[in-house]
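Laboratory data are not the source of any read-out in this text; all were calculated from the coordinates shown. Keep in mind it's a predicted model, so treat the numbers as computed, not measured. Virtual Cβ from ideal backbone geometry, glycine too; neighbours counted across all protein chains shown.
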Amino acid sequence: MWMPLTASLIRPLTFSMMSFMSWVRSFRSFGHTPSRGYARLRAGVNGLPHLPSRRFAWLNVGYMRHSLRFVAALVAGLALLAWGASVLVTRTTRAWFERDMVLRAQLAVSGGREALVSHWEPGHEAELRKVLVGMTRDERVLGVAACGADLQLRVSTIDYPPSLVCSSLALGVRPRSDAPGAAWTTWASVFSLPGGRVHVTATPLLEGDQPLGFVVLVHDLTFVERREETTRRFLALAFAFLAIVASVFTLVAARLSWRGWSNELRRLIQGGSPPPEFRPFLRDVRDLVERLAAEREAEGLGGLWTPQRLKNTLTRHLHGERVVIVANREPYVHERTESGEVALLHPASGLVTALEPVMRACSGVWVAHGSGSADREASDEKGRLPVPPGEGSYVLRRLWLSPEEEKGYYYGFANEGLWPLCHIAHTRPIFRSEDWRQYQAVNHKFAEAVGEEVGSEDPIVLVQDYHFALLPRMLRERLPRATVITFWHIPWPNSEQFGICPWREELLAGLLGSSILGFHTQFHCNNFVDSVDRFLEARIDREQHAVVHRGHSTLVRPYPISIEWPSGWLGSVPSVPECRASVFAELGLAPGARLGVGVDRLDYTKGIEERLLAVERLLERTPELRGRFTFAQLAAPSRTIIPQYRQLDENVSRIAARINERFSSGRYRPVVLLRAHHEPPTVFRYYRAADVCYVSSLHDGMNLVAKEFIAARDDEQGVLILSHFTGAARELTEALSVNPYDLEEASAALASALLMPGDEQRDRMRAMRTLVAEFNVYRWAGRMLVDAARLRRKERLSGRLSRLLPPVPGAPE
Ligand code: F6P
């Protein structure tokens, strides 16, 4: 019985564990709407919902199947045992019976010995038969015969089987024909006769040493077989009964254990204190559930991320904490125009494109450099104003910089030092100590401003970009409990290249004041970690993607940035045919003409020169496009006091002029250079009017122009040509991907784009629109905030724990 008993203990435990794990697994495949998934998570945690109610637990199909399988195995085992037992019992009882028959035969002969001997001689056949008949009184004795020493039958009873002849039986009794009486032995065997099986015993009859012959007793064996049959039946019945009782007991025991486990798990998941043996298991399960919930939230499973969802995430995970963003560029610029009026401008900045919708959703404060000529007039004495104008979803806090500060910090260290250091665009970085000093001072100034804006000791501060590499550490020192999320919007160079910066250690240490440090790609995270590894004394935890420096841990993770979806600007632009008509009219294009667009700040990393050269090469190799294809470049002047930018501006104008000179005819000009700041509605009109948009960055962290073009094309037409060297190229695989330096490849891509059938354009555009819709900027911000919330929880728990633990003697406070 040990087997079923052990099984009855082990099976229910295993089954309970398996069922619980299958519940956890089923959680992974929940439906895709957040509310359903979350509700099921909560229901799952509170009550293991897919398990049937206790009353109907027996009807649970999975449970029944497991139980039936177990009972079948139990019954089969018992049947085998019963069969083995019956074979053993049959053999043993038959051996007993046979031994018994031999003994009885010997007894019968020795009891009648005197009478047998006295009537053995010929002439006494009648008396001898009487003696033999006397021996057959036992009903199991079928017949008796007396065989003489000459092996002839002397006398036999009526029922003695004639086939059992003396001469054959003598072979067993008498070893040899001349064997003396002492050598004769009792012999027994079983014979199958037509009437059934019989047991035959031949017992020698001696007078002194002289053998007189032998007496043959034939026992009927059918009674033995009848008894064996009865025994077998009894055994089968006994085992069947045993099987039923054992199965019932096992099932009841399994059920009780299962219920005990379920109740225990329910209690634990609801927060009851676990018995010691449950603790490791409970920890694993809680970790798993928490990870899955966070993953679902962070991965955006369960539907699109919207402003509302982001707001909910902030409320749920961060208790509606006020978010403070620090970015050099302000989202709204007040500029005094030549006519003396104040214009409100939206700067040409990917950072602003991405973050402004996030701030509208989250509220809080955006701390930025007030760079507009009319910014002071538009703000209060503290530099604050509610934005967006007329909506007031959040506060813009403007910080005023002196011309020296702006020159050293923004133009100098940020844009002549770090910008070329981080971009592979073959422009040498310039590192001046005075710029570095200003960079430090301005970072410090922003740290003070953040200190004024935060509402608590543990605020959430989002630090943006390469202008503020030192700010995270400054904030950490001021507000040790703050959650500082830093996002680096540009590439991070490899450690060798980064190493040329004279203040590399200070920059790394500054960034490592962050709680989370984000880049667009894993590749840039790796470059950062390699730089830390090379230049700082820090511990790198590659498993947790963290760097521990001066006792503080920073998570280093990729968060590919995106745009709002659907784009808010779509509401302010006309339909695609109207946009096309108005843009064509503006540019003086014929109705059948084809249009390409490029939209950038005038920056040497954007590959604008290479882009125009590709257009030139296209017109060289495809003469039929001359007069028909126009490329409009919207170029916002940027950082114009830096010589390289002025040089770029001149180069671009020169190349455009040369191409126009080569291929113009009548009113046709192949390149239209719109060198000015363009407000988003204009940019969107051009996106919607174009047949192709070419993003030719030589190096770009992400590039949001590519994503904006996709957002603008709700007609699912238009082709995107995208440089390999943008972060966006990793996501937008349906774009035509090119190396912008390779003018043959780029011009061929332009030609393919212009020839691409509408169906293919639709397929590609639809796939890219689906991706950008799903991976929008709310999801980007949501993922970082969820990660931040998890960190805060962890830090609070470990803080609580360290307060609870007794102090270690001699350890610093
Ligand atoms: O790529 C970094 C970035 O901040 C972008 O977001 C933006 O396009 C650009 O630099 C802005 O530059 P600036 O603020 O100097 O005009």
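Could you pull out every residue, at least 5 positions away or on a different chain, whose amide H is within less than 5 Å of the one on Tyr394? Hs are placed 1.01 Å off N in the peptide plane, and Pro or chain starts have none.
Val387
Among Lys311/Lys606; Lys311/Lys794; Lys311/Lys445; Lys407/Lys606; Lys445/Lys606, which pairs are too far apart, with a Cα-Cα distance over 25 Å?
Values: Lys311/Lys606 34 Å; Lys311/Lys794 22 Å; Lys311/Lys445 30 Å; Lys407/Lys606 23 Å; Lys445/Lys606 31 Å.
Distance filter (> 25 Å) returns Lys311/Lys606; Lys311/Lys445; Lys445/Lys606.
Determine the gain in length on full extension of the stretch Ala179-Arg796; use 0.36 nm per residue of separation and subtract their C-alpha separation, reporting nm with one decimal. Write out the running numbers ahead of the final one.
Details: separation 617, 0.36 × 617 = 222.12 nm, distance 10.69 nm.
The span from Ala179 to Arg796 would gain 211.4 nm if fully extended.
So what is the calculated 222 nm ellipticity per residue for the chain, using -39500 (n - 2.57) for each DSSP H run with n of 4 or more, over all residues, to the nearest 500 deg cm²/dmol?
Details: 26 runs with 402 residues, N = 813.
Mean residue ellipticity, 222 nm, calculated: -16500 deg cm²/dmol.
If you average the sequence gap of Cα pairs under 8 Å that are 6 or more apart and divide by the length of the chain, what percent do you get for the contact order?
Values: 1297 pairs, mean separation 77.7, N = 813.
Relative contact order, the chain: 10 percent.
With a cap of 14 neighbouring Cβ atoms within 10 Å, and only residues DSSP puts in a loop, list the trypsin sites (Lys or Arg not before Pro) found in region 621-672. Walk me through the numbers before you get to the answer.
Values: sites: Arg621, Arg626, Arg628, Arg639, Arg646, Arg654, Arg658, Arg662, Arg667; in loops: Arg626, Arg628, Arg639, Arg667.
Hits after loop and neighbour filter: Arg667.
How much net charge surrounds Phe584 when only other residues with a Cβ under 14 Å from its Cβ are counted (Lys, Arg +1; Asp, Glu -1)?
Numbers: positive: Arg580, Arg594, Arg628, Arg667, Arg669, Arg685, Arg688; negative: Glu578, Glu586, Asp691.
It works out to a net charge of +4.
Taking the Cβ of Arg626 as the center, what net charge do the other residues with Cβ under 14 Å away carry, scoring Lys and Arg +1 and Asp and Glu -1? Don't jump to the answer; show the numbers that get you there.
Values: positive: Arg594, Arg617, Arg621, Arg628, Arg662, Arg667, Arg669; negative: Glu616, Glu620, Glu624, Glu661.
In short, +3.
Assign unit charges at the C-beta atoms only (+1 for Lys and Arg, -1 for Asp and Glu), then state the dipole size of the chain relative to its Cα centre in Debye, rounded to the nearest 20. Could the numbers behind the result be given before it?
Values: 98 positive and 89 negative charges, 448 e Å.
Its charge dipole is roughly 2140 debye.
Rounded, prolate or oblate, given the Cα gyration tensor of the chain, with a/c below 1.5 counting as rounded? Walk me through the intermediate numbers first.
Working: a/c = 4.25, a/b = 3.06, b/c = 1.39.
In terms of gyration-tensor shape, prolate.
To make sure I understand, if each residue's beta carbon is the centre and we count other beta carbons within 10 Å, what order do Ser262, Ser189 fall in, fewest to most?
Working: Ser262 17, Ser189 12.
Taking fewest neighbouring Cβ atoms as first place, the list is Ser189, Ser262.
As a footprinting exposure proxy, order Ser798, Ser664, Ser747 by other Cβ within 10 Å, with the fewest listed first. Don't jump to the answer; show the numbers that get you there.
Working: Ser798 10, Ser664 14, Ser747 21.
Going from least to most buried by this count: Ser798, Ser664, Ser747.
Which listed residue (Gly718, Leu570, His334) has the Cα farthest towards the positive end of the charge dipole for the chain, taking +1 on Lys and Arg C-beta and -1 on Asp and Glu C-beta about the Cα centre?
Comparing the listed Cα positions along the dipole, Leu570 ranks first.
With a 4.7 Å Cβ cut-off, tell me which Cys residues in the chain come up empty for a partner.
So far as the 4.7 Å Cβ criterion goes, Cys362, Cys422, Cys501, Cys525, Cys579, Cys693 stand without a partner in the chain.
Using alpha carbons only, how many angstrom separate the centre of region 700-760 from the centre of region 642-686?
20
What does the charge count around Leu743 come to, taking other residues whose C-beta lies under 12 Å from its C-beta (Lys +1, Arg +1, Asp -1, Glu -1)?
Details: positive: Arg611, Arg617, Arg621; negative: Glu609, Glu610, Glu616, Glu620, Asp742, Glu744, Glu745.
Taking every other residue near Leu743 into account, the sum is -4.
Taking H as built 1.01 Å from N, whose amide H comes closer than 5 Å to the amide H of Arg675, not counting residues under 5 places away?
Ala635
Mind running the shape call on region 102-179? Use the C-alpha gyration tensor, a ≥ b ≥ c as the square roots of the eigenvalues: rounded below 1.5 for a/c, prolate if a/b tops b/c, oblate otherwise. Write out the running numbers ahead of the final one.
Details: a/c = 1.42, a/b = 1.24, b/c = 1.14.
Taking the square roots of the gyration eigenvalues as a ≥ b ≥ c, region 102-179 is rounded.
Rounded to whole Å, give me the distance from the Cα center of region 508-548 to that of region 188-232.
Answer, in whole Å: 98.
In whole Hz and in residue order, list the ³J(HN,Hα) couplings for region 667-680 that follow from phi through the Karplus curve 6.51 cos²θ - 1.76 cosθ + 1.60, θ = phi - 60°; x for Gly and Pro.
Each residue's phi maps through the Karplus curve to give 8, 6, 10, x, 10, 10, 9, 9, 8, 5, 6, 10, 6, x Hz.
Can you give me the long-range amide H partners of Ile430? Hydrogens built in the peptide plane at 1.01 Å from N, cutoff under 5 Å, separation of 5 or more residues or another chain.
Close amide H contacts, sequence-distant or interchain: Gly417.
Karplus couplings for region 721-731 from phi (6.51 cos²θ - 1.76 cosθ + 1.60, θ = phi - 60°), rounded to Hz, Gly and Pro as x?
10, 10, 5, 3, 8, 10, x, 4, 4, 6, 9
How would Thr157, Thr630 line up from fewest to most surrounding beta-carbon atoms within 10 angstrom? Walk me through the numbers before you get to the answer.
Details: Thr157 18, Thr630 24.
Listing Thr157, Thr630 from fewest to most nearby Cβ atoms yields Thr157, Thr630.
Calculate one ³J(HN,Hα) per residue across region 436-453 by plugging θ = phi - 60° into the Karplus curve 6.51 cos²θ - 1.76 cosθ + 1.60, and present them in order as whole Hz with x for glycine and proline.
Calculated HN-Hα couplings, in order: 4, 4, 5, 4, 4, 5, 5, 4, 5, 4, 5, 4, 5, 5, 4, x, 6, 8 Hz.
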